[in-house]
1. Which condition number does residue 66 fail, the rest of (1) among the acidic types (Asp, Glu); (2) farther than 30 Å from residue 251 by Cα; (3) free of Cβ contacts under 8 Å to residues at least 60 places away in the same chain being met?
2. Given segment 478-596, what helices (runs of 4 or more DSSP H) lie entirely inside it while holding 2 or more residues that are crowded, with 21+ Cβ neighbours inside 10 Å?
3. Check segment 564-572 and report whether any residue there is of a type in the set (Asp, Glu), over 10 Å from the mean Cα position of the chain (by Cα) and at pLDDT below 95.
4. Here are some conditions: (1) at pLDDT below 90; (2) over 24 Å from the mean Cα position of the chain (by Cα); (3) among the hydrophobic types (A, V, I, L, M, F, W, C). Residue 488 meets all but one. Which one does it not meet?
5. Restricting attention to segment 294-314, does a residue exist that is among the aliphatic types (A, V, I, L, M), in contact with a Pro (Cβ under 9 Å, 6 or more places away or on another chain) and in a strand (DSSP E or B)?
6. Within segment 30-44, is there a residue that is in a loop (DSSP other than H, G, I, E, B), at pLDDT below 50 and surrounded by fewer than 16 Cβ atoms within 10 Å (Cβ to Cβ)?
7. Quickly run through segment 307-334 and pick out the residues that are surrounded by 15 or more Cβ atoms within 10 Å (Cβ to Cβ) and at pLDDT below 90.
8. State the number of residues belonging to segment 423-452 that are buried (at least 23 other Cβ atoms within 10 Å of the Cβ) and more than 16 Å from residue 522 (Cα to Cα).
Amino acid sequence: MRRFTAILLLCILAFPIASAAIDSEEGGGELWFSCNDIDDCSLTEFHTGESSISGTVNSASPLSPETIFIELPMMPMQTEIALIPDVIKELQVDLRYQDDIIGLSRPDLTVTVIIAQSTTVIEFEGDSNPVDGTSDPHHVEDEPIEHGGDRLFWPDEEIRILLQFDVERPGTWQLNLRGSSFMMLDIIWSEDVDSRDVDEPSSDSSPQVTDLETVHYGALVEDDRDCWTFDVDDHELLRITFVWEEVPSEIEQTHGQPDLILPDRRLAPTPELETEVTNGETRMTWQWRALPTGEYDFCIGGRLNAFQPYQWVGLIAFEGLGPTSPEEFDYSSWQWEGFGMKAEEFGASELNAASGMMALILSLAILLGLVIEIKQDTTSKPIRYGIFVPGVLVLLLGGVVSPLWAISGEVQSSDEMSLDELIDTRLDQLWHASHPGTPASSRALHVGATFGMLDGETLSVRLEADSAWPLEDGRWQLHIPAFYELDFESLIFAKVAQKSTNRPVDDMLDSHSRTFILLAARTLMLDLLMLEALLVVDDVPDSNIIHFKTEMKKSGSLGLIQDPTWGTRPIDIPEGRWRLMQDNLYPNLISITMLDGDKDDLEFRIKIDNEIDHNLLFSSDSVQPAEPLLESQYLWIIGGISLIVLGTIMENKRRTKAKQILNRLVAENMWD
């Protein structure tokens, strides 16, 4: 029994349970400061070691300060690939200093965070006069990591934290541990390469023997060649489907055309390709026709610094046995279906232009007649200045100035875009972002920004609504007919024709074009969904012309690892409210299928099961309907016309009465 206990103790000492290899599991990004003494510190997954470490400084002065260094490497070393976030979620260092002059204080502290090849330096200002002898630990949240665009953390790379502080007086410093000092990273993806690479050994010279219709699992690691050999019987169609798991775009494999070696050792002709992306998972089906029977070799190849798990299966079939051919795939031109429209059409209020052109014409006609009328001499200053002039001013303001203001407000300004221009600009941005040479961090930044607007940029677009639909809480959501007239497929393929300099080979698009098409289809759909959901107003607008203008602010994103979405928000929407909108609007299913061959087509499948609470929709100040200068401008016009008519009637009565008096006087003089 004693021997067993001793062996168990040795095993525990040799293989400590404290681990800090970061991963995406719950708690996998927690790094706790753990020390046995100042020279034996590390970052661990669990609390271990002493509750605090301390040291005494006997000789230090402002002229000759003493510098203290504490180094904390991550233990044990990393064994998985992980995606490093852009920010440190939380960092806290509970460092204190006690001396006979000031008492308890916190010194200035420099924290250097080393993650693989990146170095992030954080400066903390000390507290030499803590209230009641205590103060909060050095603490920071959402601190940017200076990773230089390289977000991948590979096996055997390290995380290391260096603490440095100076003391200028003799005293004792203390670093509190066991939960008081730590760093938290939000690791959204990690993978154990060795556990997924189960298809080895395999190569061109030594392919694995298998059956075509067996489901195969494996991973393509760097520039490896994974090969299989199998027999193919009589058939009309040979289909091989690869399903690639979602990984960060930095390490995503190229998904190039596989090599199918015929029985005579020649390469099979170029196949047709059907690509489907469903919630980040890429399904690629390669299809050949009328190949000979016999033994085939099948190989896929990767690229350096890339890794992606996959599964594949083959199928032989005859064209008369169901929809096995891409030509039988039922494609149609897909248009917007109003996924962001959460209001009900029943009770909708129709919207029209608020320019008041008829009111302007009527007002100008009345003013012209008034000018003719007012040329006639009149001796009644009270009527002229008490009724006519106010009436003219009111009519000018309500019937001329206000409609002109509304007309100018409905015109597209030089700093805003139409919906077509906004989409075209977004497609240009996505074309560059999807280029194979674009750094992954840059691609994620631009793709993830809402309509491509980065932090600090202004989204300004002019829209035309035809009606306002009521929400249950008394507000209104604007219905934009132009959304439903968009032909996504035509817009995207037209951009490929405009931008691509590569001529299709055997009717196959180049990999950049295929990536762009699938990325653009998904991104445009999500951008439009959010824009439509943001068109909420408190009251029915006076005009059908809507200006959406706002500065965009960086926000937490949603969606895929490599291609996030909605990473910027209108500046007046709080972060918490934006997160709720994201969670409620993001579709449960986004499936986009592209057929690449004799004809190029797209098919969309979108599913949103969430019942969104209308209270979660935000009435943003970004939605700015065109408005006349004056509310109820027709009342102003009526008021101005009424004053003018009243003045005219009173002037005519005054003139009639004056003529009667004049005629009486003339008649009396004649008799005299």
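The values are calculated or read from the model by the stated rules, or taken from the named source; none is laboratory data. Predicted model, so just to flag it, every value in this text is computed and none were measured. Cβ: placed from backbone, ideal geometry, glycine included. Neighbour counts: every protein chain shown.
1. Of the numbered conditions (1) among the acidic types (Asp, Glu); (2) farther than 30 Å from residue 251 by Cα; (3) free of Cβ contacts under 8 Å to residues at least 60 places away in the same chain, the odd one out for residue 66 is (3).
2. Working: elements: 481-484, 488-499, 511-534, 575-585.
Hits in segment 478-596: 488-499, 511-534, 575-585.
3. At the first step, the residues of segment 564-572 found to be of a type in the set (Asp, Glu) are 572.
Now drop any that are not over 10 Å from the mean Cα position of the chain (by Cα), which leaves 572.
Among the residues that remain, those that are also at pLDDT below 95 are: 572.
Within segment 564-572, one or more residues are of a type in the set (Asp, Glu), over 10 Å from the mean Cα position of the chain (by Cα) and at pLDDT below 95.
4. Of everything listed in (1) at pLDDT below 90; (2) over 24 Å from the mean Cα position of the chain (by Cα); (3) among the hydrophobic types (A, V, I, L, M, F, W, C), residue 488 misses just condition (2).
5. Filtering segment 294-314 down to residues among the aliphatic types (A, V, I, L, M) leaves 300, 304, 306, 313.
When the remaining residues are screened for being in contact with a Pro (Cβ under 9 Å, 6 or more places away or on another chain), the result is 300.
Filter once more, so that each one left must be in a strand (DSSP E or B): 300.
So far as segment 294-314 goes, yes, one or more of its residues are among the aliphatic types (A, V, I, L, M), in contact with a Pro (Cβ under 9 Å, 6 or more places away or on another chain) and in a strand (DSSP E or B).
6. No, that holds for no residue.
7. Passing the criteria: 316, 317, 324, 325, 326, 331, 334.
8. Residues in segment 423-452 being buried (at least 23 other Cβ atoms within 10 Å of the Cβ) and more than 16 Å from residue 522 (Cα to Cα): 0 in total.
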